Structure formats: C-alpha cells, structure tokens
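One structure is given here, and the rest of the page talks about it.
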Amino acid sequence: MRTKIKQLTAQNIGTTVTIKGWVRSVRNQKSFSFITINDGSTLSGLQIIYQATTPGYEETIKNLTTGASIAVTGTLVKSVGKEQAFELDAQSITIIGLCDPETYPLQKKHHSFEFLRTIAHLRPRTNTIGAVARVRNALSYATHQFFNERGFLYIHTPVITGSDCEGAGQMFNVSTLDINKPARTPAGTIDYAQDFFGRKTFLTVSGQLEGETYACALSDIYTFGPTFRAENSNTSRHLAEFWMIEPEMAFADLNDNMDCAEAYLKHVLRYVLNNCSEDMKFFDDYISKGVIAKIEHVVNAPFQRLTYTEGVKILQSASKKFEYPVSWGTDLQSEHERYLAEEYFKKPVILINYPAHIKAFYMRLNEDQKTVAAMDVLVPSVGEIIGGSQREDRIDLLVKRMEELKLPVEEYAWYLELRKYGSVPHAGFGLGLERLILFATGMENIRDVIPFPRYPKHAEF
Ligand code: 4AD
Ligand code: MG
C-alpha cells in the first residue's frame with residue numbers, strides 16, 4: 001500500500017512503507033546515494049538512502065534522474081542529519097516513468113516565474129507553485145467550512161448568462177454562429193435569434209444577480225465559481241478568468257455585510273496559518289519576509305471601517321504624491337487603496353458609502369441621495385480584495401437607476417420581480433480567490449496563483 005509523505009510521523013519509525021513520487025535530486029556518494037522524492041503532499045518531500053549494495057542498484061541508479069517517477073519501499077529511520085526528522089532506508093526502488101535529463105526543463109536551479117508560466121504543465125512540481133496549490137486548496141476548503149457552519153447554502157449559479165451584472169460591458173460572447181458568415185437580420189445586423197440560445201449570451205462576470213434570487217428564498221447562500229472579465233488589464237492583479245466567492249444574505253444590511261466579510265477573511269486566514277504552517281514558513285523565508293506576522297495581525301485586529309468621504313479626505317491631506325489626483329467623486333485607484341490599507345491604517349480597511357455614479361446599478365441608494373451602500377475591503381499590498389453592497393430593494397428606485405444608466409430594463413424583469421414579490425433588505429459581496437491567495441502568501445503576481453492563468457493573448461494549456 002502506498003503512503004503519502006504527509007502521513008509519515010515519528011510513529012512510523014522502524015516500519016516498512018512504500019512511497020511514490022517524483023525525484024527532485026540525486027547525490028551519489030561512494031557507497032550509497034541520497035535521493036529526495038516529493039509527492040506533492042508536503043513541501044519538503046522525503047530523503048531516501050539507497051545503499052550501493054542493494055540488489056539492482058547499478059541498473060536503477062543510472063536512470064534515477066530529476067523528474068523520474070518512482071516507487072520506493074524501505075524502513076523509515078530517524079535521520080542523523082538535522083534537515084529532516086526521518087528518512088527512508090530503501091530496500092527496493094522501482095522506476096515507474098523515466099525522465100529525459102537532457103530536455104527536462106526543471107533543473108535544480110532558480111527559475112523565474114515568467115519562465116515557469118511557459119511550462120505551466122510542469123510548474124506544479126516546483127516548491128513555490130506546489131505550496132501555492134496547497135494554500136489555494138486550504139482557502140477553498142475553509143471557505144466552504146465557514147459558510148456551511150453558518151447555515152449558508154452553496155448555490156451553483158450559471159456560467160452562461162444573458163445579463164451584465166457589473167454593467168461594465170467586459171463580457172466574453174458565447175455564440176455558435178459562424179463568425180465568418182453570421183446569420184443577419186433584414187437590417188443587416190447579426191441575428192442572435194438564430195444563435196444557440198436564441199439571444200445574445202456571455203460568460204458571467206458575477207453570479208450575484210442569480211444568487212440574489214436564491215437568497216430571496218433560502219435566506220443565506222453563497223456561490224463559488226469561475227468568473228470571466230474581458231477587460232484588457234495587463235496587471236499583476238487582474239485575470240480574464242478567476243474564481244469568485246459571493247455570499248448573499250436576506251434580511252441583512254451593510255453592517256451585517258461588513259461583519260460577515262471580516263469574519264470570513266479572519267476565518268480562512270486563520271485556517272491557513274493553522275493548517276499550512278510548512279508552506280507559510282516557506283513563503284515567509286523565500287517569497288515575502290514577514291508574511292506570517294502580517295496575516296496574524298489581520299486575524300487578530302479589528303478592520304478599520306470608514307466612509308469613502310473620510311477616505312478621500314485622508315488621501316487629499318496625504319503628503320504622498322499620487323499618480324492620479326483624488327477628489328470627491330473620483331474612483332479610487334489601486335495606489336489610493338493601498339495607501340489607505342498599507343501606509344495609513346496598516347491593516348485591512350472597509351470603505352463604505354461610495355458615490356452612486358462610480359458603482360453598479362444594483363446598490364442601495366443612501367438617504368443623502370448621492371452615495372450608495374457599497375463596501376470595498378482593501379488590504380495591504382493587494383488593494384481591493386472584496387467588493388459588495390446592500391442591494392436596492394425598492395423597485396421604483398431600482399428602475400429609475402437602470403433607466404439613468406440606459407440598461408435594458410425589460411431584460412432584467414426577473415430581477416425586478418424579487419422587489420415586487422416579498423422584497424427584503426439584502427446584501428452580499430464578492431471576493432476574488434486569487435487576490436486572497438496573493439494576500440495570504442505574499443506572492444507578487446496573480447498569474448502565479450491560479451493553475452492555468454488566462455490573460456490577454458494567453459490561453460495556452
Ligand atoms: O468588485 P467586483 O466587480 O464585484 C462584483 O462582481 C459583485 N457582483 C460582487 C457581489 O457583490 N456579489 O468583484 C469582486 C471581487 C473584487 O474585489 C476582486 O477581488 C475580484 O472580484 N476581481 C478580480 N480578480 C481577478 N481578476 C479580475 N479581473 C477581477 N475583477 C474582480
Ligand atoms: Mg470592485
């Protein structure tokens with residue numbers, strides 16, 4: 001039976017185990033070889049001692065190259081070195097898959113993240129990308145745990161949709177029309193009535209609108225799925241395909257929303273500190289010095305809550321020179337968000353009550369008639385990690401807002417009916433999983449925290 005390296009404990013010392021994985025390195029000594037093997041279950045892998053007197057040694061050792069997959073059976077022994085607690089005294093090694101040492105691109109030297117992106121099919125075998133994958137998994141698991149423990153139902157909202165939730169027009173079309181010869185209307189425009197769905201459809205930019213329908217029946221729900229934005233942003237914070245977590249709560253206002261977002265972030269980050277300590281130590285040592293202390297601080301200190309108007313005042317009186325000037329009514333840029341969280345408050349900030357005209361149509365209008373019950377959670381080094389709001393639950397105000405924005409009101413009839421049939425105050429938010437991973441690990445570029453990043457001109461693999 002195969003044992004994963006992560007399962008090994010001091011209790012296994014003296015027993016025989018079989019380990020399967022990929023060779024990371026081989027060091028031949030006079031009478032034996034040191035082999036390190038990794039199976040992905042942990043960062044560190046396992047050291048194997050392979051005595052030259054073992055039957056079949058000569059035959060095997062010449063094919064034991066970095067990248068080869070092997071099965072090793074041996075006795076787990078206490079290690080004499082201080083690098084590891086124990087090592088495996090091999091009785092037999094079987095090579096499962098050879099690896100061509102001449103062409104294998106992952107040699108034992110430093111590779112840049114740019115280079116690793118070109119071999120995205122092999123990069124999970126590196127320490128950093130492996131650690132990112134384990135932290136990503138832990139954050140996803142802790143997300144489901146947090147919401148399930150609080151009675152939120154996991155709802156699968158559609159990937160293909162007819163509506164533009166954020167109203168920003170950054171949608172990928174979904175069509176089976178022949179792009180060289182699309183069906184035309186008598187007027188010469190493209191005839192979407194003849195398309196697969198009989199209408200124009202897109203990849204979703206958010207599951208929120210559909211999520212609201214379930215919240216307005218089941219009270220508390222969340223979605224967690226792939227999300228698409230055709231924005232031509234070549235930044236280290238944007239992807240064309242990312243994963244968004246979107247809770248939605250009925251009978252809830254902006255304060256409930258802020259409380260939920262703060263409790264959620266603290267829960268998942270605490271989970272990673274407690275369950276990914278080896279990977280977090282690696283990030284602290286090699287990727288972002290001090291990241292563990294930073295996350296511990298976030299988990300323990302209350303977030304700073306303030307209004308957009310107060311935030312703008314702070315930015316205007318900052319001695320720091322910004323590339324983009326700020327005044328009441330301008331949308332905040334990443335440099336402003338980061339200044340507030342990183343330099344001014346030195347902790348996560350929840351900014352609320354933004355001017356209506358810089359936010360999406362569905363946000364609830366405040367009594368001042370100028371701002372909406374929006375909230376953005378801003379964190380050090382990443383900037384915006386969460387965007388959310390209390391939703392406009394008054395049908396007349398919602399329709400008025402949609403008309404001002406020239407949205408096709410009739411296409412949102414189903415959404416408006418939630419306000420017609422038993423309307424309730426409700427609120428929710430969206431969190432980009434990859435931004436959360438950037439924050440938790442201290443990784444620099446969002447393209448390195450999703451297995452196969454999609455961004456302008458890049459959809460290989
Ligand atoms: O602020 P956004 O656009 O909000 C919404 O989509 C709402 N419908 C959410 C809701 O209330 N249910 O996006 C939410 C979050 C952002 O704060 C950011 O973390 C992430 O999604 N995000 C992206 N992450 C990676 N690449 C992109 N292009 C992203 N756009 C948004
Ligand atoms: Mg936003």
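Conditions tested, residue by residue: (1) more than 16 Å from ligand 1 (Cβ to nearest atom); (2) part of a loop (DSSP other than H, G, I, E, B); (3) in the same structural domain as L365 (by TED's automatic domain parsing); (4) on the phi > 0 side of the Ramachandran plot.
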{"position": "Y222", "(1), (2), (3), (4)": "no, no, yes, no"}
{"position": "N232", "(1), (2), (3), (4)": "no, yes, yes, no"}
{"position": "M249", "(1), (2), (3), (4)": "no, no, yes, no"}
{"position": "L265", "(1), (2), (3), (4)": "no, no, yes, no"}
{"position": "K289", "(1), (2), (3), (4)": "yes, yes, yes, no"}
{"position": "I295", "(1), (2), (3), (4)": "yes, no, yes, no"}
{"position": "V298", "(1), (2), (3), (4)": "no, no, yes, no"}
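Condition check ((1) at pLDDT 95 or above; (2) aliphatic (A, V, I, L, M)) across all residues:
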{"position": "F282", "(1), (2)": "yes, no"}
{"position": "S288", "(1), (2)": "yes, no"}
{"position": "K294", "(1), (2)": "yes, no"}
{"position": "P302", "(1), (2)": "yes, no"}
{"position": "L306", "(1), (2)": "yes, yes"}
{"position": "T309", "(1), (2)": "yes, no"}
{"position": "K313", "(1), (2)": "yes, no"}
{"position": "E335", "(1), (2)": "no, no"}
{"position": "R338", "(1), (2)": "no, no"}
Pick from region 201-220, criterion closer than 18 Å to G387 by Cβ and β-branched (V, I, T), ranking: nearest to ligand 1 (Cβ to nearest atom): V205
Close pairs from region 171-183: first surrounded by 10 or more Cβ atoms within 10 Å (Cβ to Cβ), partner polar (S, T, N, Q) and in a loop (DSSP other than H, G, I, E, B), Cβ under 9 Å, at least 6 apart: M171/T204; P182/S175
Taking region 125-139 as the search range and keeping residues that are outside any loop (DSSP other than H, G, I, E, B) and more than 16 Å from the chain's Cα centre (by Cα), which one is nearest to Y271 (Cα to Cα)? N127
Somewhere in region 158-165, is a residue closer than 30 Å to K266 by Cα, within 16 Å of ligand 2 (Cβ to nearest atom) and surrounded by 18 or more Cβ atoms within 10 Å (Cβ to Cβ)? yes
Of (1) more than 20 Å from I450 (Cβ to Cβ); (2) small (G, A, S); (3) not in a loop (DSSP other than H, G, I, E, B), A142 satisfies every one except (1)
Take G311 and tell me if it is more than 28 Å from the chain's Cα centre (by Cα) and farther than 19 Å from K266 by Cα. no
Within region 208-235, which residues are within 18 Å of N148 (Cβ to Cβ), among the small types (G, A, S) and more than 16 Å from the chain's Cα centre (by Cα)? G211, A215, S219
State yes or no: is I386 within 15 Å of ligand 2 (Cβ to nearest atom) and without any contact (Cβ under 8 Å) to a residue 40 or more places away in the chain? no
Within region 303-329, the residues that are among the hydrophobic types (A, V, I, L, M, F, W, C) and either in contact with a strand residue (DSSP E or B) (Cβ under 9 Å, 6 or more places away or on another chain) or in a loop (DSSP other than H, G, I, E, B) (or both) are F303, L306, I314, A318, F322, V326, W328
Only one of E384, E367, E343 that is of a type outside the set (A, V, I, L, M, F, W, C), more than 16 Å from ligand 1 (Cβ to nearest atom) and closer than 27 Å to T235 by Cβ: E343
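Would you be able to tell me the number of residues in region 272-303 that are of a type in the set (F, W, Y) and within 21 Å of V349 (Cα to Cα)? Explain how you work it out, then say what you get.
Looking only at region 272-303, we keep the residues that are of a type in the set (F, W, Y), and these are 282-283, 286, 303.
Applying the additional criterion that residues be within 21 Å of V349 (Cα to Cα) yields 303.
Number of matching residues: 1.
Residue-wise test of (1) within 26 Å of N275 (Cβ to Cβ); (2) part of a loop (DSSP other than H, G, I, E, B); (3) in contact with an Asp or Glu (Cβ under 7 Å, 6 or more places away or on another chain).
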| residue | (1), (2), (3) |
| --- | --- |
| L43 | yes, yes, yes |
| Y50 | no, no, no |
| A90 | no, no, no |
| T94 | no, no, no |
| C99 | no, yes, no |
Can you run down the residue pairs with Cβ atoms below 8 Å, 6 or more apart or on separate chains, where the first is in region 244-273 and touching a residue at least 60 places away in the same chain (Cβ under 8 Å) and farther than 14 Å from Q145 by Cα and the partner is acidic (D, E) and in a helix (DSSP H, G or I)? E248/E212; M249/D256
Would you please name the residue that is surrounded by the fewest Cβ atoms within 10 Å (Cβ to Cβ), looking only at residues in region 81-117 that are closer than 16 Å to F32 by Cβ and of a type in the set (A, V, I, L, M, F, W, C)? A90
Collect the residues in region 209-233 that are closer than 14 Å to H156 by Cβ and touching a Phe, Trp or Tyr at 6+ places or on another chain (Cβ under 8 Å), keeping them in residue-number order. G211, T213, I221, Y222, T223, F224, G225, P226, T227
Give the residue that is nearest to the chain's Cα centre (by Cα), with candidates limited to residues of region 416-457 that are small (G, A, S) and more than 11 Å from ligand 1 (Cβ to nearest atom). A440
For region 435-445, give me each residue that is within 15 Å of ligand 2 (Cβ to nearest atom) and either free of Cβ contacts under 8 Å to residues at least 12 places away in the same chain or surrounded by fewer than 24 Cβ atoms within 10 Å (Cβ to Cβ) (or both). R435
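The values are calculated or read from the model by the stated rules, or taken from the named source; none is laboratory data. Owing to the predicted nature of the structure, the values given are computational and were not obtained by experimental measurement. Counting neighbours? That spans all protein chains shown, and the Cβs are built from the backbone with ideal geometry, glycine included.
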